Amino acid sequence: MTDAAGQDRALALSVRSLSKAYSGTLALDGLDLDVRAGEIHALLGGNGSGKSTAIKILAGVVTAEPGGRIEAGGHADRAEHWSPALAHAAGLRFVHQQPAVFPELTIAENLALGEGFPTGPGRRIRWAVLNRRTAELLERYHIAATPTTPLGALAAVDRSRVAIIRALQDRDEADSGVLVLDEPTAALPGPEVDQLLTALRGYAAAGQTILYVSHRLDEALSVADRVTVLRDGRKVATVDTAGLSEGQLIELIVGRPIERLFPAVSQELHDEAVLTVRGAVGGPLRGVGLSARKGEVLGIAGLLGSGRSELLRMIFGAYPMMAGQLTLDGKSYRPASPSEAMAAGVAYVPEERHADALFHAESVRHNLSAGQAGDYFRRLLFRHSQERRDTSRSISEFLVSAASDRHQVQTLSGGNQQKVVLARWLRQRPRLLLLDEPTQGVDVGARSEIYQLIRRATAAGTSVILVASDLEELAHACDRVAVLKGGRITAVVEQPLDAHQLTELVNTSEAA
Amino acid sequence: MTPDTTDSGVAGSGPAGGAAASDGAAVTGSAAVTGSAVAGGGAVAGGSNPASGGVPGGGAATGGVAAAGQGAAARPGGGGTMGLARRRATSILQRYSLVALLGISIGVYGVWGKTSSVFLSAPDFRNIASSQAVLVVLTLGLIIPMISGSLDLSIGNAAGLSSVATAAFYAHGHVPLLVGALLGVLVGAIVGIVNGLLVVLLKVDSFIITLGTASAIFGIVIWYTGGQSIVLGIPQSLLSFGGGNVIGIPDSVYVVIVVALLVWYLLEQTPFGRSLHAVGSNKAAARLVGIRVERVTFAAFVLSGAFAGLAGVLLLASSGAGNPQIGQNFTLTAVAAAFLGAASFKVGRLNVLGSIVAILFLAVNITGLTFAGVADWINQLFTGVALVVAIAFATALHRERRPRARSTAQDSP
């Protein structure tokens with residue numbers, strides 16, 4: 001899969017046998033990586049594949065094991081000597097996943113925090129110089145804003161672009177150095193992702209070399225010239241994206257074909273409605289009506305900010321409902337708090353695993369039984385042995401891989417943490433399970449297991465309402481998908497579903 | 001990690017060589033350890049700074065400790081059997097380092113010429129044990145809100161208020177012994193109710209709220225007493241309880257044992273204890289698993305207040321007077337003991353046994369140094385150093401374990 005032509009083009013970055021071990025485990029095992037000048041090179045892989053480690057070594061914030069070599073921008077050194085200063089001198093510029101931008105400050109101030117404020121006598125900031133410099137940069141990078149606009153007033157995509165400009169501002173010629181972007185689209189809503197990708201293609205066309213790290217395969221395929229796939233710390237392959245399909249790419253990442261990632265959808269659907277929502281109003285929701293049937297996976301497709309997360313929270317009693325009616329199993333249902341919702345058999349897996357679901361320093365066992373401790377307290381005694389038994393059963397039933405249930409949950413990988421959160425609810429056999437982005441930040445293998453678990457639950461009679469940004473995923477995982485737009489359900493589509501149809505339904509201008 | 005603590009522990013006792021006659025016992029013989037502290041409100045404010053400076057925010061400080069640590073938790077998938085065995089060994093070392101330090105301290109003072117004659121005598125052990133009862137009850141009450149991520153800096157003053165109020169109930173209300181004691185607990189609980197309501201309703205950091213209520217309580221006590229101790233009218237039965245013993249063990253030690261069992265049961269054996277840990281670990285997540293976060297926080301403050309009230313009654317029994325000045329001196333020591341205690345047994349978690357060992361460690365050293373002739377400033381110096389070392393220790397443990405956790409976190413957007 002290498003091409004002779006490529007050999008002629010200069011390399012902007014060359015890495016040889018890069019390794020890194022964390023407490024005895026090789027997180028990165030002899031990575032060789034060549035990034036050609038002027039190309040967009042995507043670095044792909046699941047959780048724990050080593051791509052974050054590789055980026056951290058390149059940035060000089062993590063020290064590599066001896067034996068590797070890094071060469072960029074005329075600087076070459078042994079990998080274990082690589083430092084932030086060296087990385088900077090070699091022209092490597094990094095924009096991290098959550099770039100440190102400050103929404104309250106102006107664009108000019110945000111840029112100056114990277115480059116330094118221009119100062120006059122007495123360290124006085126020369127605002128006029130700063131604003132002129134910022135205006136030039138904004139124009140060069142085609143951002144329609146004035147230097148004194150607070151960053152928070154910009155769209156998410158423009159905030160990301162400002163972070164990129166900040167990384168690049170001290171370099172006038174674009175044809176040297178490498179811009180390294182770590183998950184640049186993770187926080188962007190759908191349409192803005194495309195805008196950012198378009199901008200990146202523009203930078204590349206102007207000669208900028210970009211190393212692009214992402215979870216999102218479709219993006220990598222659409223924006224990158226070549227991709228390097230990592231699995232378990234090793235490089236699987238470097239391939240041209242021309243003619244490469246998403247299925248082939250997934251196969252490289254996981255090591256097996258995509259058809260086997262999603263379990264088959266339910267064969268027969270019950271007509272019996274478990275949950276009915278009528279005219280739900282609150283926050284961005286302006287009268288949502290839908291019903292979830294027994295044993296089905298009902299998807300909610302909507303953009304970020306469409307109110308999809310609020311809808312789930314409302315059903316769980318964690319978001320105020322101003323008007324509307326909920327019916328659960330034919331009975332009126334109006335949860336004032338999560339505990340009331342739980343008592344009615346409703347479960348909820350929130351979008352932000354770290355902020356809203358995990359008790360990081362607590363053990364796996366306590367995380368699994370969180371909120372259920374009352375079940376183990378009988379006649380003034382806590383039934384620890386029963387809890388232990390239940391825990392080990394849950395760990396095997398819900399495919400959690402943990403060395404011990406006494407370990408802190410934060411020592412698990414992202415996918416296993418998510419399975420712990422899921423297991424916390426599934427072990428209670430809920431009537432209705434609300435899932436908000438259950439596979440976010442989870443590698444392809446764990447994703448497939450999570451969908452297996454969901455299907456196993458629906459087969460046992462649980463109904464699922466699933467919110468996911470990845471429309472491909474919704475199309476594969478759901479029996480039906482409701483489209484949420486402008487605070488209302490604008491369409492409900494059934495299997496056979498396809499992502500293109502959903503993309504159109506979600507993105508077309510509001511008709512309702 | 002462990003040698004660090006040892007070093008600092010010794011560093012703290014360094015000035016021991018300096019002579020100076022000690023006559024710090026302000027109230028009774030038993031006060032040589034805790035009651036001798038003189039500093040006023042400054043002790044509370046000055047003492048809290050290291051806590052908030054080490055890890056920002058009161059809640060964050062306790063969270064840090066809750067998160068810091070279990071060295072025991074080996075990382076799954078990391079290292080071979082060698083690494084695992086080594087980690088297990090370090091974890092045992094961590095777990096019992098404070099116990100070892102306590103043993104070493106006792107040994108040193110037992111052998112040291114200046115202190116050995118008094119130190120190994122049974123009356124002195126009894127003295128340490130009974131004089132620490134107030135502090136143990138306060139600290140065990142304190143760890144309840146600390147586990148839930150809040151800090152109660154008003155406990156010392158609440159105990160002071162309770163001892164003065166109980167003395168007044170006896171002196172002016174002529175209530176029976178047990179009724180007076182219960183009223184003392186109730187006074188503490190009321191302070192806890194006020195703290196809890198303020199923290200829950202105003203949604204302000206408990207650190208600030210209780211710093212404020214602590215000062216306000218002190219003001220009320222001084223206003224009521226005019227700064228004078230209430231000495232007359234305390235029932236003889238209470239006073240003899242303070243000095244009495246059964247089979248050679250001071251009465252107050254029995255109270256401590258009951259309180260310790262109660263708090264242990266509450267924290268480790270009830271769903272409420274689980275809720276406290278959950279709220280302390282992640283409030284938003286706790287709410288989303290059906291835990292009523294506000295209710296738990298409120299209850300934690302009421303409990304710490306009630307225990308402070310009980311401590312106040314014990315204080316009255318042991319000192320024989322409702323002294324408006326001494327209550328607040330306990331706050332910082334209790335905070336220090338709680339943090340130190342989190343570094344042993346269940347490493348990284350505030351726990352009952354660890355807190356008690358920490359208090360004994362502080363008491364043995366302070367008593368020992370006092371006997372050795374160091375002036376009573378050693379009390380504040382030693383406690384302050386111990387607090388800072390304990391927090392540094394917890395934070396270091398926390399950091400040591402971070403890189404891996406962070407790399408997993410970064411892999412997932």
(request) State which residue is nearest to residue A:307 (Cα to Cα) when the search covers only region A:443-491 and only residues that are in contact with a Ser or Thr (Cβ under 6 Å, 6 or more places away or on another chain) and in a helix (DSSP H, G or I). (result) A:471
(request) For region A:82-123, enumerate the residues that are under 23 Å from residue A:70 (Cβ atoms) and of a type in the set (A, V, I, L, M). (result) A:85, A:86, A:87, A:89, A:90, A:92, A:95
(message) Condition first: in contact with a strand residue (DSSP E or B) (Cβ under 8 Å, 6 or more places away or on another chain), of a type in the set (Ser, Thr, Tyr) and not assigned by TED's automatic domain parsing to the domain that holds residue A:213. Can you find one or more residues in region A:102-118 that meet it?
(response) yes
(message) For region A:438-463, which positions are more than 14 Å from every other protein chain (Cβ to nearest Cβ) and either farther than 14 Å from residue A:422 by Cα or more than 21 Å from the chain's Cα centre (by Cα) (or both)?
(response) A:455, A:456, A:457, A:458, A:459, A:460, A:461, A:462, A:463
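Listed here are the residues, each with its yes/no results for (1) under 14 Å from the mean Cα position of the chain (by Cα); (2) of a type in the set (Phe, Trp, Tyr); (3) assigned to a helix (DSSP H, G or I).
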residue	(1), (2), (3)
B:100	no, no, yes
B:105	no, no, yes
B:117	no, no, yes
B:128	no, no, yes
B:134	yes, no, yes
B:138	yes, no, yes
B:146	yes, no, yes
B:152	yes, no, no
B:159	yes, no, yes
(message) Can you say whether residue A:479 is within 20 Å of the chain's Cα centre (by Cα), at pLDDT 90 or above and of a type in the set (D, E, K, R), as far as the supplied structure shows?
(response) no
(request) Can you tell me which residue within region B:392-413, out of those that are more than 14 Å from chain A (Cβ to nearest Cβ) and modelled with pLDDT under 80, is surrounded by the most Cβ atoms within 10 Å (Cβ to Cβ)? (result) B:393
(message) Condition check: part of a strand (DSSP E or B), in contact (Cβ under 8 Å) with a residue 40 or more places away in the chain and surrounded by fewer than 18 Cβ atoms within 10 Å (Cβ to Cβ). Does residue A:32 satisfy that?
(response) yes
(request) For residues that are touching an Asp or Glu at 6+ places or on another chain (Cβ under 6 Å) and closer than 10 Å to residue B:168 by Cα, tally how many sit in region B:209-234. (result) 0
(request) Return yes or no: is residue A:54 over 24 Å from residue A:163 (Cβ atoms), in contact with a strand residue (DSSP E or B) (Cβ under 9 Å, 6 or more places away or on another chain) and surrounded by 24 or more Cβ atoms within 10 Å (Cβ to Cβ)? (result) no
(request) Filter region A:467-506 for residues that are touching a residue at least 60 places away in the same chain (Cβ under 8 Å), buried (at least 16 other Cβ atoms within 10 Å of the Cβ) and polar (S, T, N, Q) and give the result. (result) A:469
(message) One residue is enough: does region A:488-509 have a residue meeting the conditions closer than 23 Å to residue A:353 by Cβ and out of contact with any strand residue (DSSP E or B) (no Cβ under 9 Å at 6 or more places or on another chain)?
(response) no
(request) For residue A:226, indicate whether it is buried (at least 16 other Cβ atoms within 10 Å of the Cβ) and within 14 Å of chain B (Cβ to nearest Cβ). (result) no
(message) So if I check each of A:316, A:359, which one is farther than 18 Å from residue B:279 by Cβ, facing another protein chain (nearest Cβ under 9 Å) and touching a helix residue (DSSP H, G or I) at 6+ places or on another chain (Cβ under 9 Å)?
(response) A:316
(request) Kindly indicate whether any position in region B:258-276 is among the acidic types (Asp, Glu) and either at pLDDT 95 or above or surrounded by 24 or more Cβ atoms within 10 Å (Cβ to Cβ) (or both). (result) no
(message) Yes or no: region A:114-132 includes at least one residue that is under 16 Å from residue A:158 (Cβ atoms) and aliphatic (A, V, I, L, M).
(response) no
(message) Whether any residue in region A:386-402 is farther than 15 Å from residue A:358 by Cβ, surrounded by fewer than 22 Cβ atoms within 10 Å (Cβ to Cβ) and in contact with a strand residue (DSSP E or B) (Cβ under 8 Å, 6 or more places away or on another chain) is what I want to check.
(response) no
(request) Kindly list the number of the only condition in (1) out of contact with any Lys or Arg (no Cβ under 9 Å at 6 or more places or on another chain); (2) touching a residue at least 40 places away in the same chain (Cβ under 8 Å); (3) surrounded by fewer than 22 Cβ atoms within 10 Å (Cβ to Cβ) that fails for residue A:352. (result) (2)
(message) Which numbered condition in (1) over 22 Å from residue A:352 (Cβ atoms); (2) free of Cβ contacts under 8 Å to residues at least 40 places away in the same chain; (3) part of a loop (DSSP other than H, G, I, E, B) is the only one that residue A:405 fails?
(response) (2)
(message) Quick check on region A:99-106. Is at least one of its residues away from chain B (no Cβ under 14 Å) and surrounded by 18 or more Cβ atoms within 10 Å (Cβ to Cβ)?
(response) yes
(message) For a quick check of your reading of the model, give me the residue pairs whose first member lies in region A:308-330 and is of a type in the set (A, V, I, L, M, F, W, C), whose second is part of a loop (DSSP other than H, G, I, E, B), with beta-carbon atoms closer than 6 Å and at least 6 apart or on different chains.
(response) A:314/A:321; A:326/A:333; A:328/A:344
(request) Please tell me if residue B:199 is over 21 Å from residue B:333 (Cα atoms) and surrounded by fewer than 24 Cβ atoms within 10 Å (Cβ to Cβ). (result) no
(request) Could you figure out which of (1) outside any loop (DSSP other than H, G, I, E, B); (2) modelled with pLDDT of 90 or more; (3) crowded, with 21+ Cβ neighbours inside 10 Å; (4) more than 8 Å from chain B (Cβ to nearest Cβ) isn't true of residue A:424? (result) (4)
(request) Hey, could you check region A:87-143 for residues that are more than 24 Å from residue A:209 (Cβ to Cβ) and hydroxyl-bearing (Ser, Thr, Tyr) and say which is modelled with the lowest pLDDT? (result) A:119
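The values are calculated or read from the model by the stated rules, or taken from the named source; none is laboratory data. Just so it is clear, the structure is predicted and the values come from calculations on it, not from any experiment. Positions of Cβ are backbone-derived with ideal geometry, glycine not excepted, and every protein chain shown enters the neighbour counts.
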